[in-house]
Amino acid sequence: MLFRVAEGVGGRALGAMRSLGRIGIFLAAAVWNTVVPPYRGRDILKQVHFIGVKSLFVIVLTAAFTGMVLSLQGFYTLRKFGSEGLLGAAVALSLVRELGPVLTALMVTGRAGSALAAEIGIMRIGEQIDSLETMGIDPVRFLVAPRMVAALVSIPLLTAIFDVVGIYGGYLVGVKLLGLDAGRFFGHMKTSVELSDVVNGVWKSLAFSLIIVWMCTFKGFYTERGAEGVSRATTSAVVISSVLVLIGDYVLTSVLL
Amino acid sequence: MNGRCPSCEEFSVDPPRDPEGAPILRLVGVDKVLDGKKVLDNVDLDVPRNRITAIIGLSGAGKSVLLKHMIGLLRPDRGQVLLDGVDLCNLSRKELFETRRRFGMLFQSGALFDSLDVFENVAFPLREKTTLGEEQIRERVQVFLRKVGLEGAGGKFPDELSGGMVRRVALARAMVMDPEIILFDEPTTGLDPIIRNSVLCLICRTFREHKFTMVMISHDIPDIFHWCHHVVVVHDGKVIEAGMPEAVKSSVNPIVRQLVEGDIRGPVHLM
C-alpha cells in the first residue's frame, strides 16, 4: 500500500519534471530560433498585423474605459484628501507603470494568444506540423519564431497606445466631465511621471510578450486528441498565460521598484 | 497474380517483384512505448530499394508509429533505424532535417497547409529548401500538378478540394523535391471506390515513372497483393509476417490468414 502511494507520488513528480523540462526546452528553442538568422520577414509582418494591428480596436476601447474609470474613482478618492489636482499624475502613473502593460497583455492573450494556440493546435492534429518536419523544416523556426518577434514588436507598441488613450480617457472624465483644470491635470503628470516609469513599463511589456507567445504556442504545439484537445489547449493557454502575466507583474514590479 | 494495377490495365509495377538486394531502410530490434503501452515490440524490418512495400495490419497495430520511425518523426526506445546503414537516432537535429530531404511523405489527411492554395502547397518545399527562382518553381509545380491531373486547380484552397484531390495534391508535394523514398500513410482511406482506384493508379504510374522506394500503409486487401513487391504484416506491435505477396498470402499464420481473408472468425476477436 505504502509502496503504491510512493510510486504514485514519484510518477507524478517525474511527469511534472518532464513537462517542465519540455516547456523549458521549447522556450530555449523558440528564443534561439528568434535570435539566430535567417529571419522570416514576410511571416513576421503577417504576424505583426495579426497580433498588433488586429488588436488595436480592443486595446483602444479597453484603454479608454480604463482611463475613464481610473479618473472617476481617483477623483472621488483624492477629493477626500483635498488632492484632486493630483488626478492626472495618479492616472498616468497607474497606467504607465501597471495597468497599461498588464491589461494590454491580458487583452492580447484573450484575442491573439487564444488564436495562436488554436491555429498551431489545429496544425498539430491535422499533421501539418509533422508534415513540416518531414520536409526538413524546423517547425519552431517556422511557426514560433515569427510570432515571437511580432509579439516583441507589437505588444510594447500596443502598451504605449494603451497608455496614451487611457490618459486621454482620464482627461475626458477628469477635465471635461468633472471640471478639473486641464493645466493642473497635465502639469502634475509632467512632474510625477519619470523616464524610469516608462522604461519599467516597456520591460514589463517585453516580458509579457515572451510569456504570451511561449505559453500559447507551446500549448498549441503539444495539442493532443482532436478537436477536444484543441479546445483544452486553447483554454489552458489563455488561463496559464494570464496567470503568468500577473505573477510576472508582481515579480518584475518588486525587482524594478 | 498479374502484377498489374487493378484499376487500369496499362500500368504495371513489375518487373521485378523479388525484394532482393541491399535494403535502403532497416529497422533493427525497435521497441516503442507510448502512453504506457508497448506500441512496437522488437521490430525487425527491411525495406527493399526501388520497390513498393505494403504494411498491413489491424487498426491500432502500430503501423503509423512504424512509419513515423522510418522518417525519424519518432525515436525508438530501443533499437536502430538504419537508412543506408546510418542510424537516424544518432543524427543531430540538423543532420536529421537534411536526411529527410531524401523522403517524401503523404499523410492520411493529406496535411496540406490550409492557408496556402494548391500551387503554393506544392511550391512550399521548393521555396523553403531550394534556391530555385520563381520561374523554375512555377514550371516544376506545373509539371507535378499535371502528373497528378490537377493542372487547373492551382488556385484552389484545400477546403475546396475533394478527398481524392487532397491526396493527389499531397502526392505532388511529396514528389516535387524528387525524393528517394515516399511513405504513404493510408493514402486511400475514406475515399469512394472510383477515387480510391484513381489514387492507387496514380501511385502505380508514379512508381513506374520514377522508381521511388515506396512504403505504404494500406487496408486495401486483397488488392494490395496484386501490385506491391513486398508485404509486411504488423500485429500488436510485432512484425508477424514479411515477404513477397505470394508468400504472405499463402502464410499459415492464423492471424495473417484472418487478415487476408477478412474473416470475423479467427484468433483476433474485435467484438
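Worth a mention:
- Answer from B:L132, B:L150 - the residue that is more than 10 Å from chain A (Cβ to nearest Cβ), surrounded by fewer than 18 Cβ atoms within 10 Å (Cβ to Cβ) and aliphatic (A, V, I, L, M): B:L132
- Among residues of region B:92-108 that are more than 9 Å from chain A (Cβ to nearest Cβ), those with a beta-carbon under 6 Å from a residue that is of a type outside the set (D, E) and outside any strand (DSSP E or B) at least six positions away or on a different chain give the pairs B:R102/B:P179; B:L106/B:A170; B:L106/B:L171; B:L106/B:A174; B:L106/B:P187.
- Out of B:F144, B:F113, B:F119, sole residue that is within 14 Å of another protein chain (Cβ to nearest Cβ), of a type in the set (F, W, Y) and crowded, with 17+ Cβ neighbours inside 10 Å: B:F113
- Candidates A:F208, A:F185, A:F221 - the one that is more than 28 Å from A:T34 (Cα to Cα), crowded, with 21+ Cβ neighbours inside 10 Å and not hydroxyl-bearing (S, T, Y): A:F185
- Remark: B:M216 matches the filter, which requires a residue to be in contact with a Pro (Cβ under 8 Å, 6 or more places away or on another chain), closer than 30 Å to B:K129 by Cβ and part of a strand (DSSP E or B).
- Selection from region A:203-257 of residues that are more than 19 Å from A:L103 (Cα to Cα), among the hydrophobic types (A, V, I, L, M, F, W, C) and out of contact with any Asp or Glu (no Cβ under 9 Å at 6 or more places or on another chain): A:F218, A:F221, A:A227, A:V230, A:V255, A:L257
- Residue selected from region A:25-64 under the condition assigned to a helix (DSSP H, G or I) and aromatic (F, W, Y), by the criterion surrounded by the fewest Cβ atoms within 10 Å (Cβ to Cβ): A:F57
- Residue check, B:V81 part of a strand (DSSP E or B), surrounded by 16 or more Cβ atoms within 10 Å (Cβ to Cβ), more than 10 Å from every other protein chain (Cβ to nearest Cβ) and in contact with a Lys or Arg (Cβ under 8 Å, 6 or more places away or on another chain): yes
- Every listed requirement among (1) more than 10 Å from chain A (Cβ to nearest Cβ); (2) under 17 Å from B:M175 (Cβ atoms); (3) of a type outside the set (A, V, I, L, M, F, W, C) is met by B:K32 save one, (2).
- Number of the condition not met by B:K37 [criteria: (1) away from chain A (no Cβ under 13 Å); (2) among the charged types (D, E, K, R); (3) touching a strand residue (DSSP E or B) at 6+ places or on another chain (Cβ under 8 Å)]: (3)
- Residue check, B:F124 within 24 Å of the chain's Cα centre (by Cα), more than 12 Å from every other protein chain (Cβ to nearest Cβ) and not aliphatic (A, V, I, L, M): no
Only the coordinates and a few stated rules stand behind these numbers; no lab work does. Please read all numbers here as calculations on a predicted model, not as lab measurements. Note that each Cβ is placed from the backbone with ideal geometry, even for glycine, and that neighbours are counted across all protein chains shown.
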